[in-house]
Amino acid sequence: MANDDNPVSQVFELQRQALERSQQAMEQGIEFQQRLNEAMVSGMEGSAEASERGTEMTREAIHSSLDAIEGMVPEGEANFEEIHEAVDQQFDAAEEATQQANEQAVEFTETGFENAEEAAESYVESVDQQVEQLREAHEDLESQTLEFLERTEEQLEQLQVETDGTPFEGFEQLRTQMEELRERLSQ
(Lines give C-alpha, C1' and ligand atoms only; values in the text may rest on other atoms or scores of the structure.)
Protein backbone atom coordinates (compact mmCIF):
# COMPACT_ATOMS: atom_id res chain seq x y z
CA MET A 1 0.00 0.00 0.00
CA ALA A 2 2.89 2.37 0.68
CA ASN A 3 3.67 4.86 -2.05
CA ASP A 4 7.39 5.57 -1.70
CA ASP A 5 7.01 9.01 -3.28
CA ASN A 6 4.42 10.15 -0.78
CA PRO A 7 5.82 11.42 2.53
CA VAL A 8 2.68 10.38 4.39
CA SER A 9 3.06 6.81 3.15
CA GLN A 10 6.73 6.86 4.12
CA VAL A 11 5.86 7.90 7.68
CA PHE A 12 3.28 5.13 7.96
CA GLU A 13 5.75 2.59 6.55
CA LEU A 14 8.40 3.63 9.10
CA GLN A 15 5.87 3.20 11.88
CA ARG A 16 4.97 -0.29 10.64
CA GLN A 17 8.66 -1.24 10.44
CA ALA A 18 9.22 -0.03 14.02
CA LEU A 19 6.26 -2.12 15.15
CA GLU A 20 7.61 -5.21 13.37
CA ARG A 21 11.09 -4.72 14.85
CA SER A 22 9.60 -4.40 18.34
CA GLN A 23 7.64 -7.59 17.85
CA GLN A 24 10.75 -9.41 16.60
CA ALA A 25 12.77 -8.16 19.57
CA MET A 26 10.13 -9.47 21.98
CA GLU A 27 10.10 -12.88 20.27
CA GLN A 28 13.91 -13.03 20.33
CA GLY A 29 13.89 -12.18 24.04
CA ILE A 30 11.50 -15.05 24.73
CA GLU A 31 13.58 -17.43 22.61
CA PHE A 32 16.69 -16.35 24.51
CA GLN A 33 14.95 -17.06 27.82
CA GLN A 34 13.97 -20.53 26.58
CA ARG A 35 17.56 -21.28 25.56
CA LEU A 36 18.73 -20.04 28.96
CA ASN A 37 16.22 -22.34 30.68
CA GLU A 38 17.44 -25.31 28.63
CA ALA A 39 21.03 -24.49 29.53
CA MET A 40 20.09 -24.32 33.19
CA VAL A 41 18.45 -27.77 33.11
CA SER A 42 21.45 -29.14 31.23
CA GLY A 43 23.74 -27.61 33.86
CA MET A 44 21.72 -29.19 36.65
CA GLU A 45 21.96 -32.57 34.95
CA GLY A 46 25.70 -32.12 34.42
CA SER A 47 26.15 -31.13 38.04
CA ALA A 48 24.28 -34.25 39.18
CA GLU A 49 26.50 -36.43 36.98
CA ALA A 50 29.64 -34.77 38.35
CA SER A 51 28.38 -35.29 41.88
CA GLU A 52 27.80 -38.98 41.17
CA ARG A 53 31.31 -39.36 39.75
CA GLY A 54 32.76 -37.57 42.78
CA THR A 55 30.85 -39.82 45.14
CA GLU A 56 32.06 -42.91 43.32
CA MET A 57 35.66 -41.68 43.45
CA THR A 58 35.31 -41.07 47.20
CA ARG A 59 33.92 -44.59 47.67
CA GLU A 60 36.84 -46.06 45.75
CA ALA A 61 39.31 -43.97 47.77
CA ILE A 62 37.82 -45.21 51.04
CA HIS A 63 37.95 -48.82 49.83
CA SER A 64 41.57 -48.33 48.77
CA SER A 65 42.38 -46.91 52.20
CA LEU A 66 40.64 -49.82 53.87
CA ASP A 67 42.58 -52.26 51.67
CA ALA A 68 45.84 -50.56 52.67
CA ILE A 69 44.91 -50.67 56.35
CA GLU A 70 43.86 -54.30 56.00
CA GLY A 71 47.30 -55.13 54.61
CA MET A 72 48.94 -53.65 57.73
CA VAL A 73 46.67 -55.26 60.34
CA PRO A 74 47.39 -58.82 61.38
CA GLU A 75 45.00 -61.28 59.83
CA GLY A 76 41.82 -62.02 61.77
CA GLU A 77 41.94 -59.00 64.06
CA ALA A 78 39.29 -57.07 62.11
CA ASN A 79 36.56 -58.08 59.68
CA PHE A 80 37.30 -55.73 56.79
CA GLU A 81 34.67 -57.39 54.60
CA GLU A 82 31.94 -56.12 56.94
CA ILE A 83 33.52 -52.66 56.95
CA HIS A 84 33.58 -52.64 53.12
CA GLU A 85 29.91 -53.71 53.06
CA ALA A 86 28.95 -51.02 55.58
CA VAL A 87 30.77 -48.37 53.52
CA ASP A 88 28.98 -49.59 50.37
CA GLN A 89 25.59 -49.54 52.12
CA GLN A 90 26.14 -45.97 53.32
CA PHE A 91 27.29 -44.78 49.92
CA ASP A 92 24.44 -46.62 48.16
CA ALA A 93 21.89 -44.99 50.47
CA ALA A 94 23.47 -41.56 50.01
CA GLU A 95 23.67 -42.01 46.22
CA GLU A 96 20.03 -43.08 46.04
CA ALA A 97 18.85 -40.13 48.12
CA THR A 98 20.99 -37.71 46.11
CA GLN A 99 19.85 -39.19 42.82
CA GLN A 100 16.18 -38.90 43.83
CA ALA A 101 16.70 -35.31 44.98
CA ASN A 102 18.50 -34.42 41.74
CA GLU A 103 15.82 -36.09 39.60
CA GLN A 104 13.07 -34.25 41.48
CA ALA A 105 14.90 -30.93 41.19
CA VAL A 106 15.38 -31.41 37.44
CA GLU A 107 11.77 -32.58 37.03
CA PHE A 108 10.35 -29.62 38.98
CA THR A 109 12.58 -27.22 37.11
CA GLU A 110 11.64 -28.68 33.73
CA THR A 111 7.94 -28.58 34.64
CA GLY A 112 8.26 -24.95 35.72
CA PHE A 113 10.09 -24.06 32.51
CA GLU A 114 7.53 -25.94 30.41
CA ASN A 115 4.70 -24.04 32.10
CA ALA A 116 6.54 -20.76 31.57
CA GLU A 117 7.20 -21.69 27.94
CA GLU A 118 3.52 -22.49 27.34
CA ALA A 119 2.54 -19.18 28.91
CA ALA A 120 5.11 -17.36 26.78
CA GLU A 121 3.86 -19.07 23.62
CA SER A 122 0.30 -18.11 24.48
CA TYR A 123 1.46 -14.55 25.13
CA VAL A 124 3.33 -14.40 21.80
CA GLU A 125 0.27 -15.70 19.95
CA SER A 126 -1.90 -13.07 21.62
CA VAL A 127 0.59 -10.30 20.85
CA ASP A 128 0.87 -11.52 17.24
CA GLN A 129 -2.90 -11.31 16.85
CA GLN A 130 -3.01 -7.86 18.41
CA VAL A 131 -0.11 -6.63 16.27
CA GLU A 132 -1.85 -7.94 13.14
CA GLN A 133 -5.04 -6.09 14.12
CA LEU A 134 -3.00 -2.96 14.81
CA ARG A 135 -1.22 -3.33 11.47
CA GLU A 136 -4.56 -3.61 9.64
CA ALA A 137 -5.96 -0.59 11.49
CA HIS A 138 -2.76 1.30 10.74
CA GLU A 139 -3.07 0.54 7.02
CA ASP A 140 -6.71 1.68 7.10
CA LEU A 141 -5.67 4.90 8.81
CA GLU A 142 -3.01 5.44 6.16
CA SER A 143 -5.57 4.97 3.38
CA GLN A 144 -8.02 7.32 5.05
CA THR A 145 -5.32 9.93 5.64
CA LEU A 146 -4.14 9.79 2.03
CA GLU A 147 -7.71 9.98 0.73
CA PHE A 148 -8.42 12.96 2.99
CA LEU A 149 -5.32 14.80 1.80
CA GLU A 150 -6.09 14.07 -1.86
CA ARG A 151 -9.73 15.21 -1.52
CA THR A 152 -8.70 18.35 0.34
CA GLU A 153 -6.14 19.23 -2.32
CA GLU A 154 -8.67 18.53 -5.08
CA GLN A 155 -11.27 20.69 -3.33
CA LEU A 156 -8.76 23.51 -2.94
CA GLU A 157 -7.81 23.30 -6.62
CA GLN A 158 -11.49 23.18 -7.64
CA LEU A 159 -12.25 26.15 -5.43
CA GLN A 160 -9.39 28.08 -6.97
CA VAL A 161 -10.70 27.27 -10.47
CA GLU A 162 -14.25 28.28 -9.51
CA THR A 163 -13.05 31.61 -8.19
CA ASP A 164 -11.03 32.22 -11.37
CA GLY A 165 -7.81 32.08 -9.42
CA THR A 166 -8.93 34.88 -7.15
CA PRO A 167 -8.00 33.84 -3.65
CA PHE A 168 -10.87 33.81 -1.22
CA GLU A 169 -10.49 34.85 2.35
CA GLY A 170 -8.26 32.33 4.17
CA PHE A 171 -7.27 30.50 0.97
CA GLU A 172 -3.59 31.36 1.21
CA GLN A 173 -3.55 30.49 4.90
CA LEU A 174 -5.12 27.07 4.16
CA ARG A 175 -2.69 26.45 1.31
CA THR A 176 0.26 27.33 3.58
CA GLN A 177 -1.02 24.97 6.29
CA MET A 178 -1.34 22.13 3.77
CA GLU A 179 2.23 22.73 2.56
CA GLU A 180 3.51 22.81 6.14
CA LEU A 181 1.70 19.56 6.88
CA ARG A 182 3.33 17.90 3.87
CA GLU A 183 6.76 19.21 4.90
CA ARG A 184 6.38 17.93 8.47
CA LEU A 185 5.27 14.53 7.24
CA SER A 186 8.21 14.30 4.86
CA GLN A 187 10.78 14.91 7.62
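The values are calculated or read from the model by the stated rules, or taken from the named source; none is laboratory data. For clarity, every value in this text was computed on a predicted model and none was experimentally measured. Don't worry about glycine lacking a Cβ; one is built from the backbone with ideal geometry, like all the others, and counts go over all protein chains shown. The accessibility values were calculated without ligands, DNA or RNA, using every heavy atom of the protein model including side chains. Shrake-Rupley method; radii C 1.70, N 1.55, O 1.52, S 1.80 Å.
For the range 18-26, indicate whether the set of residues that are in contact with a Leu (Cβ under 9 Å, 6 or more places away or on another chain) and open to solvent by 50 Å² or more (accessible area, probe 1.4 Å) is non-empty.
The initial filter retains those residues of the range 18-26 that are in contact with a Leu (Cβ under 9 Å, 6 or more places away or on another chain), namely 19.
Next, from what is left, pick out any that are open to solvent by 50 Å² or more (accessible area, probe 1.4 Å): none.
The answer is no, given that none of the residues of the range 18-26 is in contact with a Leu (Cβ under 9 Å, 6 or more places away or on another chain) and open to solvent by 50 Å² or more (accessible area, probe 1.4 Å).
Confirm whether Glu70 is in contact (Cβ under 8 Å) with a residue 24 or more places away in the chain, in a helix (DSSP H, G or I) and of a type in the set (Asp, Glu). Walk me through it before giving the result.
Numbers: in contact (Cβ under 8 Å) with a residue 24 or more places away in the chain: no; in a helix (DSSP H, G or I): yes; of a type in the set (Asp, Glu): yes.
The answer is no for Glu70.
Would you tally the residues in the range 1-43 being of a type in the set (Gly, Ala, Ser) and in contact with an Asp or Glu (Cβ under 8 Å, 6 or more places away or on another chain)? Let's see the steps before the verdict.
Initially, the range 1-43 is screened for residues of a type in the set (Gly, Ala, Ser), giving 2, 9, 18, 22, 25, 29, 39, 42-43.
Imposing the further condition that a residue be in contact with an Asp or Glu (Cβ under 8 Å, 6 or more places away or on another chain) reduces the set to 2, 9.
Number satisfying all stated conditions: 2.
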field: Every pair of residues 6+ apart whose Cβ atoms lie under 7 Å, when the first sits in the range 78-91 and is modelled with pLDDT of 90 or more while the second is open to solvent by 50 Å² or more (accessible area, probe 1.4 Å)
entry: Val87/Ile62
